[in-house]
Amino acid sequence: MYGIDSSFPATQNYCWVETMPKRILSVSYDSVLLATREMLLQQRGYAVTSALGYTEALEHCRYGEFDLFILGHSIPHKDKLHLIQAFRESCDAPILSLERINEKRVPCDLHASPDDPQRFLDVVDDILAGHRDQLTAETSKRQ
């Protein structure tokens with residue numbers, strides 16, 4: 001049952017704040033990997049927009065507002081470069097590129113391996129919690 005607590009002054013103002021989930025744009029050229037990543041991120045409480053392929057990703061990059069941009073390892077290097085440029089034109093959120101160990105790196109905020117889903121989720125959590133500086137050193141050492 002709800003009621004008024006008489007111990008608080010009547011002039012006290014209360015503000016209910018509803019926190020919005022962090023918004024992630026996840027891009028892949030592999031529909032199974034994209035769906036799996038989306039499911040994992042949604043289970044973690046994030047609002048995920050998934051883009052399959054270059055054209056769909058480009059549309060979201062230009063017109064969406066996101067807190068994180070994730071590029072899957074199935075995206076060719078050249079396409080990653082173009083998508084990063086398009087994303088940067090409209091958003092300054094961090095960019096995480098998933099890459100295999102010997103894969104050529106793209107110039108973005110962070111790089112991570114796609115091979116460990118738990119580690120991937122931990123990296124995403126840390127980025128969105130604002131621990132980006134710590135992660136840069138960690139992810140660079142591991143790869």
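Computed quantities for the displayed model
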{"read-out": "Potential lengthening between L121 and H82 on full extension [0.36 nm per residue; Cα-Cα distance subtracted]", "value": "11.5 nm"}
{"read-out": "Accessible surface of the stretch 69-127 [probe 1.4 Å, protein heavy atoms]: carbon and sulfur percent", "value": "50"}
{"read-out": "Gained length - I101 relative to R23, 0.36 nm times residue gap less alpha-carbon distance", "value": "25.3 nm"}
{"read-out": "Extension gain from R44 to S74, taking 0.36 nm per residue of separation minus the Cα-Cα distance", "value": "8.5 nm"}
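The values are calculated or read from the model by the stated rules, or taken from the named source; none is laboratory data. Note that the structure is predicted; figures quoted are calculated from it, not measured. In case anyone asks, the SASA skips ligands and DNA or RNA and just uses the protein heavy atoms, side chains included. Shrake-Rupley method; radii C 1.70, N 1.55, O 1.52, S 1.80 Å.
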